[in-house]
Amino acid sequence: MSQRFFIFCSGADTAILDNCSPGERTKYAGIGATVFFTAVLAAIAGSYALYTVFDNYFTAVFFGIIWGLLIFNLDRFIVSTIKKRNNFVDELIQASPRIALAIIIAIVISKPLEMKIFEKEINQVLLTEKNEMTRANKDQLAMQFTPAITALEAEIAGLKNEITTKEAEVNNLYETYIAEAEGRKGTELVGKGPVYKEKREKHDAELAALTQLKKINTEKIAAAEAKIEALNTQYNSKVANTQPVIDGFDGLMARVNALEKLPLLPSLFIFLLFLAIETSPIFAKLLSPKGPYDLKLEEQESALQSWVLQQKAQRDILTATDREINNRVYANIAEEQELYNYRRKKARELMQLQADAFYAKQKNVL
């Protein structure tokens with residue numbers, strides 16, 4: 001039962017193989033098994049590749065099976081259309097388009113399986129790329145907020161520096177009137193004289209100005225810090241909103257590009273393995289000698305071709321004979337006087353009708 005199924009997979013004519021030796025049936029069953037298992041691998045590879053796209057098992061398996069059936073049909077067509085000839089060069093020329101198609105199929109099948117085999121290495125490459133993209137994304141978003149934050153921070157620094165400068169000035173005034181009271185500077189008279197009072201009043205006025213300045217600048221600093229906090233919140237929000245896009249950067253194209261960044265040799269070996277599997281039925285038919293199946297198939301095709309040529313020749317002879325008979329019949333009829341008189345009468349009636357119609361038309365125009 002399995003042998004008949006694999007023979008069906010090879011695309012061979014079972015009616016002819018039934019009359020061949022068991023060895024011939026085994027050969028075509030082996031070719032069909034290769035076609036079948038290649039389609040199974042294609043279905044697995046297609047399911048994995050589509051899972052990276054749809055992220056759904058049922059959808060991926062459904063379309064993967066369809067992809068496997070498509071590859072099965074192509075491989076079966078490729079193998080079944082290769083005919084054995086008496087010249088190997090002619091056979092190779094005949095099979096060259098099919099070999100090229102088999103190479104394309106091998107590439108399409110091997111890539112998804114390579115991505116599955118090297119999944120851990122690909123994940124590491126994608127992780128590195130995601131980290132770089134996250135860093136670049138943060139830097140790019142920061143460029144939108146950094147100028148405004150820098151300006152606000154400079155404004156805060158200026159306001160604080162203004163307070164510091166004013167405090168230093170008030171402290172100097174304080175030291176001045178204290179030194180005047182102690183007699184260390186100024187008039188060098190101990191006690192709270194007129195000069196002391198003047199300097200004390202100046203200090204108190206500047207102290208009041210400092211208090212007012214602190215109040216105003218503190219409000220400005222709080223407002224600037226609130227703006228900075230709002231900008232930082234916006235920045236963090238944009239980073240959080242764009243991060244899922246980066247985290248989802250693991251689709252089919254991203255994995256294919258990541259696979260290309262891995263060492264070439266392991267990937268090449270896997271591709272060569274699938275290429276060998278895909279082209280093995282073709283080369284098996286090319287390298288194997290003409291067997292009973294090929295001879296019987298050639299006999300059937302040549303018999304059919306001879307019958308078609310015979311039928312065509314008979315139709316050509318029949319057409320030529322019929323044409324000759326028709327020519328002779330019409331030549332004899334053309335010499336009959338009765339037919340001539342009848343045609344002459346009808347032609348005269350037709351010309352009279354045409355003349356009457358032309359007259360009526362001209363009359364209506366006038």
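Some notes on this structure:
- In segment 1-147, a dipole from Cβ-located charges (positive for Lys and Arg, negative for Asp and Glu) runs towards its positive end, and of Asn131, Gln94, Thr26 it is Thr26 whose Cα lies farthest in that direction.
- Panel values: segment 252-351, Kirkwood radius from alpha carbon pairs, Stokes-Einstein at 37 °C and 0.692 mPa s, translational diffusion coefficient 148 µm²/s.
- Ordering Lys361, Lys160 by the number of other Cβ atoms within 10 Å of each residue's own Cβ, fewest first, gives Lys361, Lys160.
- Cα lying deepest toward the dipole's positive end in segment 214-322, options Leu264, Asn241, Ala224, charges on Cβ: Ala224
- Rounded tilt (10° steps) of 88-117 against the dominant C-alpha axis of the chain: 30
- Where only alpha carbons of segment 308-365 are counted, the Rg and the Dmax (Å): 22.1, 66
- Degrees between helix 22-54 axis and first principal axis of the chain (Cα, 0 to 90, nearest 10): 30
- Net dipole in debye of the chain [+1 Lys, Arg Cβ; -1 Asp, Glu Cβ; about Cα centre; nearest 20]: 1400
- D_trans [Stokes-Einstein, Kirkwood Rh over alpha-carbon pairs] for the chain, 4 °C, 1.567 mPa s, µm² s⁻¹: 40
- In the chain, helical runs assigned H by DSSP with n ≥ 4 each contribute -39500 (n - 2.57); averaged across all residues and rounded to the nearest 500, the mean residue ellipticity at 222 nm is -32000 deg cm²/dmol.
- Between Asp247 and Ala355, the contour length at 0.36 nm per residue exceeds the Cα-Cα span by 29.7 nm.
- Ranking Leu159, Ala331, Gly68 by Cα position along the charge dipole of the chain, where only Lys, Arg, Asp and Glu carry charges on their C-beta atoms, puts Ala331 farthest toward the positive end.
- For the residue pairs Lys197/Lys220; Lys130/Lys261; Lys285/Lys312, the alpha carbons lie more than 24 Å apart in Lys197/Lys220; Lys285/Lys312.
- Dipole magnitude for segment 308-365: computed about the Cα centre from +1 point charges on Lys and Arg Cβ and -1 point charges on Asp and Glu Cβ, it is near 320 debye.
Every number in this text was worked out from the coordinates using simple rules, so none of it is lab data. As the structure is a prediction and not an experimental result, all values here were calculated from the model. Every residue, glycine among them, receives a Cβ derived from its backbone with ideal geometry; neighbour counts consider all protein chains shown.
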